[in-house]
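A.B. asks: Below is the structure I would like to discuss, written out as structure tokens.
The values are calculated or read from the model by the stated rules, or taken from the named source; none is laboratory data. Just so it is clear, the model here is predicted, and its values are computed rather than measured. Every residue, glycine among them, receives a Cβ derived from its backbone with ideal geometry; neighbour counts consider all protein chains shown. Side chains are part of the model used for accessible areas, which takes the heavy atoms of the whole protein and leaves out ligands, DNA and RNA. Shrake-Rupley method; radii C 1.70, N 1.55, O 1.52, S 1.80 Å.
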Amino acid sequence: MTSLNLHCTAAATSSAHPHPPSHRLSAKPSHFLSHAKRSNRLQISCQNKKEADNPQGRVDRRNMLVGLYGAANLIVAEPASANPIQAPQLDKCGVATNLNTGKQLDMNCCPPMSDNIIDYKLPPVFHIKSRPSAHRVSPEYIRKYNMAMDRMKRLPKDDPRSFMQQANIHCAYCNGAYDQPGQGSLDLQVHNSWLFFPFHRWYLYFHERILGKLIGDPTFALPFWNWDNPKGMTIPPMFTDTNAAIYNEKRNPACAPPAVLDLGMTRNPDPLQVVANNLTIMYSEMVRGNSDVYDFMGKPYREGTPVNPGPGASERGSHTAVHVWVGDPRQPSGEDLGNFYSAGRDPLFYCHHANVDRMWTLWQSFLPSNKIADKKILDADFLNTSFLFYDEDAHLVRVTVKDCMDNLKMGYKFERIDLPWLDYRPPPQTARARVNKMSAGTASAETVFPLTLDRVVRVEVPKAKRGKADEVLLIENITVDTTKFLKFDVFVNDEDDNLGELDKAAYAGTYAQVPHKTGGGSATTSIRLKLTEVYEDMDVADDDTVVVTLVPRHKGEGVTIGGIKIIENPTPSPPRRS
């Protein structure tokens, strides 16, 4: 692929060995010798009916407020006859793929083998450790973090706790090394679905415990990069020390501090405008743009489902932007953070995803203003999905989604930080809402699709028949080249030609993806954007149609859109129970 040279808002400025594993580990030769697609797999059973029917524990609301941010209500999903996706079989792990300067490169991301898989049980929690803001940590914390990372990097290469083996976890689960068990050659992919948050939560959980074990400190907690707060919208300073174990040279040098993180990828040269854009984006993806839990979490992903059924608002928004913004445009595929196969090779990845995990805890239990009463999914296919990880003692363990729904039960919370985006609702644009809908350059949605989104497109879309339900903008049959960075923003009735400003009522949301390679290198998905506040702030209640503007932030082709329509959000059906 061609690297994207991202514009940053400021110039760059200068800024004892652990014990070996407790049992013998080995990699099968076939992992390294075979470049063929993996063979069909046997299923690994992970269901426990009693636990699946009653997966939630009781939560003390005092802990929820003090600990940020505990468990919350449940939402039911559509009934289905499918099954949960099972943990991959390591002995069927094959080569992962990466599209590098137009040539597909095969790579081994497979973990070491073990003869024993343990069904993991969360240990008793005697102390809730606090994950700190990366911009507020003490020199003592930085010393301890670097010591732990240094020891992780010094572990033998075949130790599953070593740094490269930790990085390879993301490569294997995200770039086609695993098939879905029992589904032939159908890839297993943990992104762009409801598995995004739980997989990465487990990933960080074990990474954190390994680091703590290596320095003999069970209270050690990963830092989070609080890029949602203006004071945290630069790369945390402790990651810029070139002599530190947590430093990585493969980052965009133009985005080093004091450059302001551009969550909108608008390349706006004004750092104050970038901050305003960032806060608007956070408000949109956390509060304004979601009509139900799936809009935030991602679409269902069950046994037999093709990859990329649909990403949630946070995943396709701030999460993707940070990956691509930090990735080095001097590298063939935006390595390290700018591509899924290599993202885990940058220690900043784990700090970034700690904040992504924080967004999940905030959304579950701390946001009263998004008006979604049910913020958890009660569906057996979701709760019983399983993954494989190595724990801090190098034991291969199987974990399930149902056991990671409450961060407090997993033994950690987050430092309390102000949320300036929580009330950052854009001001009304009633004076600008009177758009001449059939002006030059505006076409009817019924005639323009499908289209290749390589330019700004304006289409007129009929509104739904307003009832009591929310209206949502459905952008469907989005076919993407997964090997490229792709992003487009969506505006409603926006007559402003300044597309670098997002802090306005017309901004409805975004779609974006981190480059990766699964399947044939393409996927078809869809997104939904809630329109309730957009309608209120644009004063379009009496209009029969609205004008939707699609603004690509990527260069060239790579996205085809099949259609756009406005629908009422359907009422969820009863859950499918195991």
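A.B. asks: Identify, by number, the condition in (1) open to solvent by less than 10 Å² (accessible area, probe 1.4 Å); (2) under 21 Å from Leu486 (Cα atoms) that Ile246 doesn't meet.
C.D. replies: Against the list (1) open to solvent by less than 10 Å² (accessible area, probe 1.4 Å); (2) under 21 Å from Leu486 (Cα atoms), Ile246 comes up short only on (2).
A.B. asks: Evaluate region 483-504: report whether one residue or more is open to solvent by less than 20 Å² (accessible area, probe 1.4 Å) and under 22 Å from Gln180 (Cα atoms). So that I can check it myself, show each step before the final result.
C.D. replies: Looking only at region 483-504, we keep the residues that are open to solvent by less than 20 Å² (accessible area, probe 1.4 Å), and these are 483, 485-494, 500, 502, 504.
The next check asks that each one be under 22 Å from Gln180 (Cα atoms); those that pass are 483.
Yes; the residues of region 483-504 include at least one that is open to solvent by less than 20 Å² (accessible area, probe 1.4 Å) and under 22 Å from Gln180 (Cα atoms).
A.B. asks: Pick from Asp336, Asp328, Asp357, Asp346: which is among the acidic types (Asp, Glu), in contact with a His (Cβ under 7 Å, 6 or more places away or on another chain) and closer than 26 Å to His207 by Cα? Even if it seems obvious, please write down each step before you answer.
C.D. replies: Numbers: Asp336 fails: in contact with a His (Cβ under 7 Å, 6 or more places away or on another chain); Asp328 fails: in contact with a His (Cβ under 7 Å, 6 or more places away or on another chain); Asp346 fails: in contact with a His (Cβ under 7 Å, 6 or more places away or on another chain).
Result of the check over Asp336, Asp328, Asp357, Asp346: Asp357.
A.B. asks: Determine which member of the set Gly563, Gly509 is crowded, with 20+ Cβ neighbours inside 10 Å and in a strand (DSSP E or B). Walk me through how you get there before you give the answer.
C.D. replies: Values: Gly563 fails: crowded, with 20+ Cβ neighbours inside 10 Å.
Of Gly563, Gly509, the one residue that is crowded, with 20+ Cβ neighbours inside 10 Å and in a strand (DSSP E or B) is Gly509.
A.B. asks: Is it fair to say Glu476 is modelled with pLDDT of 95 or more and under 29 Å from Asn278 (Cα atoms)?
C.D. replies: yes
Listed here are the residues, each with its yes/no results for (1) closer than 30 Å to Gly94 by Cα; (2) of a type in the set (A, V, I, L, M, F, W, C).
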position: Leu474; (1), (2): no, yes
position: Asp494; (1), (2): no, no
position: Asp537; (1), (2): no, no
position: Asp542; (1), (2): no, no
position: Val551; (1), (2): no, yes
position: Val559; (1), (2): yes, yes
position: Gly562; (1), (2): no, no
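A.B. asks: Under the condition of being of a type in the set (Gly, Ala, Ser) and part of a helix (DSSP H, G or I), which residue from region 208-255 is farthest from Trp360 (Cα to Cα)? Quick ask: steps written out before the conclusion?
C.D. replies: Of the residues in region 208-255, the ones of a type in the set (Gly, Ala, Ser) are 212, 216, 221, 232, 244-245, 254.
If we keep only those that are part of a helix (DSSP H, G or I) as well, we get 212, 232, 254.
Numbers: Gly212: 23, Gly232: 18, Ala254: 30 Å.
Selected residue: Ala254.
A.B. asks: Of all residues in region 452-487, count the ones that are within 25 Å of Ser522 (Cβ to Cβ) and assigned to a strand (DSSP E or B).
C.D. replies: Pass one, region 452-487, residues within 25 Å of Ser522 (Cβ to Cβ): 452-457, 459, 473-487.
Among the residues that remain, those that are also assigned to a strand (DSSP E or B) are: 452, 457, 459, 473-481, 486-487.
So the count comes out to 14.
A.B. asks: With Arg398, Arg434 as the choices, which residue is open to solvent by 20 Å² or more (accessible area, probe 1.4 Å) and at pLDDT 90 or above?
C.D. replies: Numbers: Arg434 fails: at pLDDT 90 or above.
Among Arg398, Arg434, only Arg398 is open to solvent by 20 Å² or more (accessible area, probe 1.4 Å) and at pLDDT 90 or above.
A.B. asks: Suppose the filter is among the aliphatic types (A, V, I, L, M) and within 30 Å of Gly509 (Cβ to Cβ); does Leu186 pass it?
C.D. replies: Details: among the aliphatic types (A, V, I, L, M): yes; within 30 Å of Gly509 (Cβ to Cβ): yes.
So Leu186 passes the test.
A.B. asks: Taking Leu348 and the conditions (1) under 14 Å from the mean Cα position of the chain (by Cα); (2) within 16 Å of Arg251 (Cβ to Cβ); (3) hydrophobic (A, V, I, L, M, F, W, C), which numbered condition does it fall short on, given that it satisfies the others?
C.D. replies: Checking Leu348 against (1) under 14 Å from the mean Cα position of the chain (by Cα); (2) within 16 Å of Arg251 (Cβ to Cβ); (3) hydrophobic (A, V, I, L, M, F, W, C), the one that fails is (1).
A.B. asks: Filter region 112-154 for residues that are among the hydroxyl-bearing types (Ser, Thr, Tyr) and at pLDDT 95 or above; which is surrounded by the fewest Cβ atoms within 10 Å (Cβ to Cβ)? Talk me through it step by step, then tell me what you get.
C.D. replies: Residues of region 112-154 among the hydroxyl-bearing types (Ser, Thr, Tyr): 114, 120, 130, 133, 138, 141, 145.
So of that shortlist, the ones also at pLDDT 95 or above come out as 120, 130, 133, 138, 141, 145.
Values: Tyr120: 21, Ser130: 14, Ser133: 21, Ser138: 9, Tyr141: 16, Tyr145: 25.
Filtering first and then ranking leaves Ser138.
A.B. asks: Further, regarding this structure: Would you pick out the residues in region 252-266 that are open to solvent by 10 Å² or more (accessible area, probe 1.4 Å) and in contact with a Ser or Thr (Cβ under 9 Å, 6 or more places away or on another chain)?
C.D. replies: Ala256, Pro257, Pro258, Val260
A.B. asks: Please give the helices (runs of 4 or more DSSP H) falling wholly within region 267-380 in which 1 or more residues are under 21 Å from Phe199 (Cβ atoms) and open to solvent by 10 Å² or more (accessible area, probe 1.4 Å). If you could, list the steps in order and put the result at the bottom.
C.D. replies: Details: elements: 271-283, 293-297, 320-326, 348-365.
Qualifying helices (runs of 4 or more DSSP H): 293-297, 320-326, 348-365.
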